[in-house]
1. For the residue pair R4 and N30, what label-to-label distance in nm results when each label sits 7 Å from Cα along the Cα-to-beta-carbon direction?
2. To the nearest 500 deg cm²/dmol, what mean residue ellipticity at 222 nm is calculated for the chain from DSSP H runs of n ≥ 4 alone, each contributing -39,500 (n - 2.57), summed and divided by the residues?
3. With all protein chains present, how much of the accessible area of the chain (probe radius 1.4 Å) comes from carbon and sulfur, to the nearest whole percent?
4. Return the sequence-ordered ³J(HN,Hα) values of the range 21-32 in whole Hz as given by the Karplus equation 6.51 cos²θ - 1.76 cosθ + 1.60 applied to θ = phi - 60°, using x for Gly and Pro.
5. The list (i) -0.30, -0.47, -1.72; (ii) -0.29, -0.46, -1.50; (iii) -0.38, -0.59, -1.35 gives values of log10 I(q)/I(0) by the Debye sum over Cα atoms at q = 0.12, 0.15, 0.27 Å⁻¹, and only one came from this structure; which label was calculated from it?
6. Scan the range 1-65 for GluC sites (Glu not before Pro) in coil per DSSP, keeping those whose Cβ has at most 16 other Cβ atoms within 10 Å, and list them by number.
7. Given an 8 Å cut-off on Cα distances and at least 6 residues of separation, report the relative contact order of the chain as a percent.
8. With +1 on the Cβ of every Lys and Arg and -1 on the Cβ of every Asp and Glu, and nothing else charged, how large is the dipole of the chain about its Cα centre, in debye rounded to the nearest 20?
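The values are calculated or read from the model by the stated rules, or taken from the named source; none is laboratory data. These numbers come from a predicted model, not from an experiment. A quick note on method: Cβ atoms are made from the backbone with ideal geometry, for glycine too, and the neighbour counts reach across all protein chains shown. Accessible surface is based on the protein model in full, side chains and every heavy atom, while ligands, DNA and RNA are left aside. Shrake-Rupley method; radii C 1.70, N 1.55, O 1.52, S 1.80 Å.
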Amino acid sequence: MESRILFPVPQFAEKNRAWTQAALRALILNAEDRVNSRDERIAGNGLSPAIVRVGRKVLIDEKAFLAWIVEQQKSRKAA
């Protein structure tokens, strides 16, 4: 199994200065599908494979995050 490089949100934001902590937390919050108060399904942004939760700690897999960025660019070009 390949080892993953995981960073807490503050360290990830420091290393990848294009992303603020607030922006990363918003992406993490919307990573998974969810249901609103009217029982309507809201699709997630697909980032969940790059997010690792250990207790209350939230870690970001750098390689998976960057792969997600590439996928976002591909889907925008296709649309």
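1. 2.2
2. -12500 deg cm²/dmol
3. Here it works out to 54 percent.
4. So the J values, rounded to whole Hz, are 4, 5, 5, 5, 5, 5, 5, 5, 4, 9, 5, 10.
5. Comparing each candidate, only (iii) matches the computed number.
6. In loop regions of the range 1-65 (DSSP not H, G, I, E or B), the sparsely surrounded GluC sites (Glu not before Pro) are E2, E32, E40.
7. Reported as a whole number, the value is 30 percent.
8. 160
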